[in-house]
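The values are calculated or read from the model by the stated rules, or taken from the named source; none is laboratory data. Nothing here was measured: the structure is a model prediction, and the numbers come from that model. Glycine gets a Cβ as well: all are built from the backbone with ideal geometry, and neighbour counts include every protein chain shown. Calculation scope for accessible area: heavy atoms of the full protein, side chains included, ligands and nucleic acids excluded. Shrake-Rupley method; radii C 1.70, N 1.55, O 1.52, S 1.80 Å.
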Amino acid sequence: MSSVDYVIRVLDSPLQLPAADWNGLLALQADASPFMRWEYLAALHQSGSALPANGWTLQLITLWHGDTLHAATALYLKSHSYGEYVFDWAWASAYQQHGVPYYPKAVIAVPFTPVPGARLLARDPGARATLMKATVAWCEEQGLSSLHMLFANPDDVAAAQDAKLMLRHTVQFHWTNRAPTLGTGVCSLPPEGERFALGRPGGETVLGYRDFEDFLASLAQDKRKKIRQERRKVADAGVRFRWARGRDITQQDWDFFYRCYERTYYEHGNAPYLSRDFFQRMADTMPENWVLFVAERELDGVAKPVATSLIAISADIDCASGPKSPQDLVAYGRYWGALERVDCLHFEACYYQPLQWCIEHGVSRFEGGAQGEHKMARALLPVKTTSAHWLAHPAFADAVERFLEREGAGITDYLGELAQRSPLRQAD
């Protein structure tokens, strides 16, 4: 099918598109995350978390053939660069210094969510390529300074390269449930979207740790010791954890979680990105995609909640019998907060409890979010993520291209440095 067969429609609300059409397209993609579901985008919109008033103007770029949706992407017009996690403040400053407006710009991303995955939803590579080129053309027609597709998957990257966008790389830290004991000098996972088998010495591939102790056995001795010490500090402080998933998360649990969540932001001098109404919509429309961990301390014989962490999961899990396809399940570390300060509680709530849960439920990967070298000590290994960028101004585009070449070399060197600090037990 050629591009002339498509009709391009630009919508400004998820409510203008049937959920089944969007989610059906999403289901066809590799690396489809729950954050690209219609319900998630609609919750951002309807809760007021991502609206023009706070700098996020949604434009759904859609390609149709007859009454059938063939491709779509969620693009936001931005008046700032907050909530993106691929930082272009220096680019905006350079534009300003030369008297050239940088905002509004266009961003293909999930607001406030640095999770790699499908961005250009398409029925086939041809439709994806057409969508990418049509989106760039639309940005040109709107007189926008630039287009930025953040945390894209390999299919999206290929379409972006075909459309002559520039690539930019960043590093995240992900844990994999494959009981790896790596050879010397091997410390990083493959780029997001690519897969390879990790194994124990002798070449045996092991899919899934038996338990948390089996996971610890895969680490270097100093890392095992440190994790045990950190967990002991939390336990000795009288803190115990419980978890709940989906509709087992009570209204009281969600209320307490939000108290902790917003406190984390206010302690850093910022208002929370997401409203309480947003999380209520998650509880109502996507309950199966959330797991909540609650830290409690006993006070006068009553368990008092003191902290929470919330993770997302990619697919439905039968908690009684385990997952049907463990290799396909991914967990995403998202939010945390505490009302009391306990030494090492952050590590327990955000890493050790979720990793233990992932092991017990056969989840294949836990993504720790943006940045944070400290995650390596918890066996979250570096992963290179990719974004794609188009700048309308030729001179700035040339300057940014040269910058990205230097930055890319620096990322390669950085990954090499991280490889020298492997937390994993080395093969003999």
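State, as an integer percentage, the relative contact order of the chain based on alpha-carbon contacts under 8 Å between residues 6 or more apart. Intermediate values should be presented prior to the final figure.
On the way: 801 pairs, mean separation 89.1, N = 428.
RCO, the chain: 21 percent.
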**Request:** Take the alpha carbon gyration tensor of the range 203-260, find the square roots of its eigenvalues, order them as a ≥ b ≥ c, and report rounded if a/c is under 1.5; if not, report prolate when a/b exceeds b/c, else oblate.
**Result:** oblate
**Item:** Signed unit charges on C-beta, dipole axis of the range 334-428, positive-most listed residue Leu380, Ala397, Ala409
**Value:** Leu380
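Rounded, prolate or oblate: which one fits the range 21-72, using the alpha carbon gyration tensor with axes a ≥ b ≥ c (rounded when a/c is under 1.5, else prolate when a/b beats b/c, else oblate)?
Details: a/c = 2.64, a/b = 1.57, b/c = 1.68.
It comes out oblate by the Cα gyration axes.
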**Lysine pair number, Cα distance threshold 26 Å (strictly under), the chain, separation 8 or more or different chains** = 19
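Normalising by the residue count of the range 100-180, find the relative contact order in percent from Cα pairs under 8 Å and 6+ residues apart. Walk me through the numbers on the way to the answer.
Values: 71 pairs, mean separation 31.8, N = 81.
Relative contact order of the range 100-180: 39 percent.
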**Message:** Need the C-alpha centroid separation for the range 239-266 versus the range 90-120, integer Å.
**Reply:** 32 Å
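Report the relative contact order of the range 5-106, percent, no decimals, based on alpha-carbon pairs under 8 angstrom and at least 6 residues apart. Working shown, then result.
Values: 122 pairs, mean separation 26.5, N = 102.
RCO, the range 5-106: 26 percent.
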**Complete:** By the C-alpha gyration tensor axes a ≥ b ≥ c (rounded if a/c is under 1.5, else prolate when a/b exceeds b/c, else oblate), the shape of the range 46-165 is prolate
**Request:** Using a 1.4 Å probe over the heavy atoms of the protein chains, calculate the carbon and sulfur portion of the accessible area of the chain as a whole percent.
**Result:** 50 percent
**Item:** Nearest-ten-degree value, helix 221-236 long axis tilted from longest Cα axis of the chain
**Value:** 80 degrees
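In the chain, once you exclude exposed trypsin sites (Lys or Arg not before Pro) (DSSP loop, at most 12 other Cβ within 10 angstrom), what's the longest stretch remaining?
Numbers: sites that count: Lys164, Arg195, Arg210, Lys324, Arg341, Arg421.
Segment 1-163 is the longest.
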